[in-house]
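One structure is given below, encoded as structure tokens.
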Amino acid sequence: MPDVARRDLNLLPKAHLHLHFTGSLDIPTLRELSAWEGLDETEQLIDDDPLSVPATKRGWWRFQRTYDIARHVVISERALRAVVDAAARNDAAQGSRRTEIQVDPTSYAPYVNGLVNALEIILDEAALASRRHGIQMGVIVAASRLHHPLDARTLARLSARFAGRGPGGVIGFGLSNDETEGNTVEFGPAFRIARRAGIPGVPHGGEFRGPHHIAQVIDELHPTRIGHGIHAAESPALLKRIVDAGITLEVNPASNVSLGVYPDYSKVPLRTLLDAGAQVALGADDPLLFLSGLTDQYRIAHDYLGLSDAELAELARMSIRGSFAEQADKARWLAEVDAWLAAAPESGPVLPAAGVAPVPGGLVARPSGLLVPERGLVAPPGDGGAESADAGQGVPDARNVRPGL
């Protein structure tokens, strides 16, 4: 491979604003958790390629069940802490100064004696991991569209008890899972509870559904950021509204392709959003399933969408500005982005976004630096589609909890 003059994207200071809890794991940590808990489920997650499903109800449930299999090893305080620590470690290695990880603590409450304990453990480890790895870890509590809206209100009230901008506090309130489920209007009261506590809203919207759905999310939930929002590219009027409102869109290119929203990276309409003046923060969504870390998203933007280093630097600035960090921290990180861009690029072999390089120990190094085994996650065999009675329902006994992210 020829040498190419290029700045190291792992060194580009950035913020990671769209990252799900168990989906943030790397496979070595997943295997450690499996060994700790005496489980052997990890092996059924391993295959040759990242998850790839169609953008249909059937495809979504294949994705959800795969996520649930991974979540079955997160069944103790030790495991919860390991997830947070691994997310901080992996993101710090990819230049993230601030990572805002989202979690539905309902999924983990049965294993640590309740919702409050689950959230307190996660928040405590976020503070510890921040100091340990030199990164700020904020926590977003995300309700699920698959649960009753009253459950979302419970989570909003819980979030209000722990509200805070820094590590160890709840910094945002979200709404995730299958966006074709649930009535967005009915989740409005939960977001009002969060706003009264000073917690900004960061719901998902416009990942699979179109501009009308995004407009409804804006009307009913009054978000500061929108998870995905990629289909806003189809409506100039909606895009103008988003730009005028200063709403940041959390765009996840690898996830969009893996979940069948777009056929390949070159079709992700990132350029359309940027040309309209939208604030965009790139995110990895679920690195465990898509085998694509934070830096990979910037590499995709360069290699497939033609963004220059200067444009990548501006994307990094947008992610920092869109974070809920303190202004003084943002100013420092923005200056670091300027320094990265001012430095001369170095010549060396550069892997494409989809490439891997072998390293010892049966692992491969993604361009982001994320270490994964030579095989990745795919959906389990025997998919029964959305009509399957056990779709996303977990395993028997105490682990049979409702799906969350």
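Please treat every number below as a calculation from the coordinates, not as lab data. Predicted model, so just to flag it, every value in this text is computed and none were measured. Heads up, the Cβs are rebuilt from the backbone with ideal geometry, glycines too, and the neighbour counts pull from every protein chain shown.
With R₀ set to 45 Å, the beta-carbon distance separating THR272 from ASP124 gives a calculated FRET efficiency near 0.60. When each of the peptides 66-78, 133-145, 270-282 is scored by the mean number of other C-beta atoms lying within 10 Å of its residues, the order from highest to lowest reads 133-145, 66-78, 270-282.
The length gained by stretching the chain between ALA163 and THR180 to full extension, at 0.36 nm per residue less their Cα-Cα distance, is 3.2 nm.
Between SER292, ALA331, ALA310, the Cα set farthest toward the positive side of the dipole of segment 281-332 (charges on each charged residue's Cβ, about the Cα centre) is that of ALA331. For segment 86-99, backbone phi angles converted through the Karplus equation (6.51, -1.76, 1.60; θ = phi - 60°) give residue-by-residue couplings of 5, 4, 5, 5, 5, 6, 4, 5, 9, x, 6, 8, 8, 10 Hz, Gly and Pro being listed as x. Shape of segment 102-226 from the C-alpha gyration tensor: prolate (a/c of 1.5 or more and a/b above b/c, with a ≥ b ≥ c the square roots of its eigenvalues). The charge dipole of segment 71-218, taken about the Cα centre with unit charges on the Cβ atoms of Lys, Arg (+1) and Asp, Glu (-1), comes to about 500 debye, rounded to the nearest 20. Using Cβ point charges alone (K and R +1, D and E -1), the dipole size of segment 196-281 about the Cα centre works out to roughly 80 debye. Take the Cα of LEU39, step 7 Å toward its Cβ, do the same at ARG78, and the gap between the two points is 1.4 nm. Full extension of the chain segment joining ASP338 with ARG241 gains 32.0 nm, where the gain is 0.36 nm per residue of separation less the Cα-Cα distance. Between the beta carbons of GLU220 and ASP8, assuming R0 = 30 Å, the FRET efficiency works out to 0.10 to the nearest 0.05.
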